[in-house]
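The values are calculated or read from the model by the stated rules, or taken from the named source; none is laboratory data. Source: prediction; values computed, not measured. Every residue, glycine among them, receives a Cβ derived from its backbone with ideal geometry; neighbour counts consider all protein chains shown. The protein model used for the area step is the full one, side chains on, heavy atoms only, and it has no ligands, DNA or RNA in it. Shrake-Rupley method; radii C 1.70, N 1.55, O 1.52, S 1.80 Å.
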There are 2 protein chains.
Amino acid sequence: MTDHLFNPKQLKQQFEHELYESVIPFWERFSPDAAYGGYFNCLDFDGSVYDSRKHVWLQGRQAWMFSKLYRTIEQKQEWLNLAQSGIDFLLDNAYNSENGRVYFEMARDGKPIYLQRKIFSECFFIMALAEFSRATGEEKYMTIAKEELERVWEWTKDISKIGRPVLEGQSEMNSLAIPMILLNLIEEVAGDDDVETYTDEIDQCIKLMLKHVHEDKKLVLENVGPDGEYMANSYDGRMLVPGHAIEAGWFLQHWALRLKRDELSKTAANIIRWSFDKGWDEKFGGLFYFLDSKGYSPTQLEWNKKLWWPHTEALYGLLQNVTLFDEKEDLLRFNKLRNYTFTHFPDAEHGEWFGYLNRDGSVSQRFKGGPYKGCFHVPRALYLCNQWIEEYY
Amino acid sequence: MTDHLFNPKQLKQQFEHELYESVIPFWERFSPDAAYGGYFNCLDFDGSVYDSRKHVWLQGRQAWMFSKLYRTIEQKQEWLNLAQSGIDFLLDNAYNSENGRVYFEMARDGKPIYLQRKIFSECFFIMALAEFSRATGEEKYMTIAKEELERVWEWTKDISKIGRPVLEGQSEMNSLAIPMILLNLIEEVAGDDDVETYTDEIDQCIKLMLKHVHEDKKLVLENVGPDGEYMANSYDGRMLVPGHAIEAGWFLQHWALRLKRDELSKTAANIIRWSFDKGWDEKFGGLFYFLDSKGYSPTQLEWNKKLWWPHTEALYGLLQNVTLFDEKEDLLRFNKLRNYTFTHFPDAEHGEWFGYLNRDGSVSQRFKGGPYKGCFHVPRALYLCNQWIEEYY
């Protein structure tokens, strides 16, 4: 590969600059809530708080990110303090130790606003505790994380246990979101030394995820029947979420490398390729949010917006592909994606990245943090890309 | 007024043409489900079914529409049959007579898929039953409608009764959606002869709705505190939904005229004016879906899409204003809106209207029916405009 097409050192410089000069400082400066702990996550373009409520996904994810940076990059006391503040806030306010449920949304002071009949708040809570335990060496956090993971595992087998009614008209459909988040959680909880404990679960997650991959059609479907059937008559059966599939791809690649499973590695790379190719907007560039695999209009009104996170996930996923496989197309994809991403999302003036663009690439939402965007996808992808380059180049 | 600016006869011709040559025939032709009853409501641009599931809001609304047409326009047997088919389907499948709950979504055969912890499925069920009762003269449907309205009324006072947890971090906030739909339901249920029964309720609804109107700022807020306070520190407190406010405006105008309340009539007209002026996109034309009253970005990703229904509601609301008040600005608004609406939404080739445009006016979703669009806002507005013109010109 010629240097101007792929220069890992230069890439790392760019990623590190974004991560440590723009993204992390933004959250360090604007998110801490000195009065109540935890983080403001509704931050406008310039870091000002436009709503003081706190969304649990983002509290957990930010605590995870700062724990990770503390443990693996530099033992900065500020980073540990920030992580601690989120962990304490979550344990004190979001977590119900009686039944294991974790709220979705809280008022600034921690009083609960909303409890979803879903498992994702719990997932990001587990992720945060596991990494914080590893960062501090305090086992008690890992104990809660593991207990909670066990509960969530059970709930995914029977969602009525957390109050979501199972009704007879519902088609039996499996969502990619569930096994992929579980697989990622196991990676976070198991770390380097506890993989044996989860051998069965890892295998189950991988098997479930692969049911979504329809090789013959080069499709990675968000929802499939119990045996992986393509439910082509319904809009959720046809649904494609390219960013999600790409994220699933790099989760799988981690395990393929760890378990030394070559076939799985090739499949993971294909998941990323196919989803990228399907998702790419030839007219304006960037990845669509939702698509319909038969070409109908997706029912999601925001289908054609360009969100930051499919792009950050693809950055890391395609970097894996470029390194692991000798396919010229991967490099073309990577450079196309990287070019779009870095010319559209970062905000050099105020730091962090914009999250939501219109189809044509103009900014749709000017805020840097909101109910679903916080200190997570941008820094995680930049961090992972840097770690990857360090390991492989 | 000069004729070329406002020609009621010509308008009526245009509206009637759309209604009876394009919109109604589309639903007559493509929506009936001969096998299971009720209506396919997920219809692509050309009327083909892209998903056979049935959304209850739209089943109820279509049954209402065809009942109304049958009773007030022409006693066509096909219209009555179509209405009957929806009513039977709802009573047999959507409605739980034990507890009064009505499902949100059903499979084609009527098996339940989803039950919301909200009251809107119930509302459109009531609306359908009331009008169908009036169309057929069969009292039994009105009896259910009235019982159900009483239940819904109680639930709106304490939403925990339908399983939505009330948590202590939730700010006490009233939503415009609740009193406005109740007021409209009372109009539908009471008809011409039963208004006395609901005097108190009508008054309560109007009072609650007026709390959302902040005259000093010319704002109609979607959510306010218990005494109408502007909750300017939170994104839901700042939220504007211009189409919704405009719809509330014409609901109120109906009652203002009926109750001969001049002040209320002026307020209703102002609600429509202010919401239209705030909501209008000066750059591309059309009404935004969501706005933030302090100029922050709305958290709804679809905020800048142009949806059909704010435009249809504004068509009728502004027509009321033009007739009732001698304000040149109202006519300018009406003509601007009408011009945008008729050049962007109708589909002369396949019938019915597109529902979802991008900010720039290009089609975002090509389907004519979906989870929230069916045989309702377009025909209702055209119908109401025609009735209005007939009455006033």
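Under the condition of being open to solvent by less than 10 Å² (accessible area, probe 1.4 Å) and aliphatic (A, V, I, L, M), the residues counted in segment A:349-388 number 4. Pull up segment A:173-211, narrow it to residues that are modelled with pLDDT under 95 and away from chain B (no Cβ under 14 Å), then point me to the one that is farthest from residue A:237 (Cα to Cα). By that ranking, first place goes to A:193. Restricting segment A:161-172 to residues that are under 21 Å from residue A:123 (Cα atoms) and not charged (D, E, K, R) leaves a set whose member that is farthest from the other protein chains (Cβ to nearest Cβ) is A:162.
A Cβ distance below 6 Å, combined with a sequence gap of six or more or placement on separate chains, defines the contacts here; from segment A:30-47, residues that are within 12 Å of residue A:81 (Cα to Cα) reach residues that are acidic (Asp, Glu) and surrounded by fewer than 24 Cβ atoms within 10 Å (Cβ to Cβ) in the pairs A:37/A:88. Would you be able to say whether some residue in segment A:97-118 is under 16 Å from residue A:376 (Cα atoms) and of a type in the set (S, T, N, Q)? Scanning segment A:97-118, I find no residue that is under 16 Å from residue A:376 (Cα atoms) and of a type in the set (S, T, N, Q), so the answer is no. State whether one or more residues within segment B:279-289 are buried (at least 19 other Cβ atoms within 10 Å of the Cβ), closer than 26 Å to residue B:230 by Cα and within 14 Å of chain A (Cβ to nearest Cβ). Taking every residue of segment B:279-289 in turn, at least one turns out to be buried (at least 19 other Cβ atoms within 10 Å of the Cβ), closer than 26 Å to residue B:230 by Cα and within 14 Å of chain A (Cβ to nearest Cβ). Go through (1) open to solvent by less than 40 Å² (accessible area, probe 1.4 Å); (2) of a type outside the set (S, T, N, Q); (3) within 27 Å of residue B:40 (Cβ to Cβ) for residue B:331 and report which single condition fails. Against the list (1) open to solvent by less than 40 Å² (accessible area, probe 1.4 Å); (2) of a type outside the set (S, T, N, Q); (3) within 27 Å of residue B:40 (Cβ to Cβ), residue B:331 comes up short only on (3). Scanning segment B:44-74 for residues that are out of contact with any strand residue (DSSP E or B) (no Cβ under 9 Å at 6 or more places or on another chain), surrounded by 24 or more Cβ atoms within 10 Å (Cβ to Cβ) and among the polar types (S, T, N, Q) yields a single hit, B:67. Contact annotation: residue pairs with Cβ atoms under 6 Å, 6 or more positions apart or on different chains, pairing a residue in segment A:261-289 that is over 12 Å from residue A:310 (Cβ atoms) with a partner that is charged (D, E, K, R), are A:274/A:218; A:284/A:359; A:284/A:360. Scanning segment A:229-246 for residues that are without any contact (Cβ under 8 Å) to a residue 12 or more places away in the chain and within 14 Å of another protein chain (Cβ to nearest Cβ) yields one hit, A:233. Looking across segment B:115-158, the residues that are open to solvent by 30 Å² or more (accessible area, probe 1.4 Å) and either out of contact with any helix residue (DSSP H, G or I) (no Cβ under 9 Å at 6 or more places or on another chain) or closer than 14 Å to residue B:91 by Cβ (or both) come down to B:136, B:137, B:138, B:140, B:143, B:144, B:147, B:150, B:157, B:158. Tell me, which residue of segment A:338-348 that is open to solvent by 60 Å² or more (accessible area, probe 1.4 Å) and in contact with a helix residue (DSSP H, G or I) (Cβ under 8 Å, 6 or more places away or on another chain) is farthest from the other protein chains (Cβ to nearest Cβ)? Ranking the candidates gives A:338 first. For segment B:260-274, the criterion of being within 26 Å of residue A:358 (Cβ to Cβ) and either modelled with pLDDT of 95 or more or not hydrophobic (A, V, I, L, M, F, W, C) (or both) is satisfied by no residue at all.
In this structure, residue B:77 does satisfy being surrounded by fewer than 16 Cβ atoms within 10 Å (Cβ to Cβ) and away from every other protein chain (no Cβ under 14 Å). Residues in segment A:349-371 that are facing chain B (nearest Cβ under 7 Å), in a loop (DSSP other than H, G, I, E, B), under 15 Å from residue A:287 (Cβ atoms) and touching a Phe, Trp or Tyr at 6+ places or on another chain (Cβ under 6 Å): 1 in all.
Residue A:197 fulfils the conditions (1) open to solvent by 30 Å² or more (accessible area, probe 1.4 Å); (2) touching a residue at least 24 places away in the same chain (Cβ under 8 Å) except for a single criterion, (2). Remark: pairs (first residue in segment A:297-315, more than 7 Å from chain B (Cβ to nearest Cβ) and open to solvent by 10 Å² or more (accessible area, probe 1.4 Å); second residue assigned to a helix (DSSP H, G or I) and charged (D, E, K, R); Cβ separation under 9 Å; 6+ apart in sequence or on different chains) = A:309/A:247.
Note on segment B:81-114: among residues that are among the acidic types (Asp, Glu) and touching a Phe, Trp or Tyr at 6+ places or on another chain (Cβ under 7 Å), the one that is surrounded by the fewest Cβ atoms within 10 Å (Cβ to Cβ) is B:109.
Candidates are the residues of segment B:24-43 that are of a type in the set (Ser, Thr, Tyr) and either open to solvent by 10 Å² or more (accessible area, probe 1.4 Å) or farther than 16 Å from residue B:353 by Cα (or both); the one that is farthest from the other protein chains (Cβ to nearest Cβ) is B:39.
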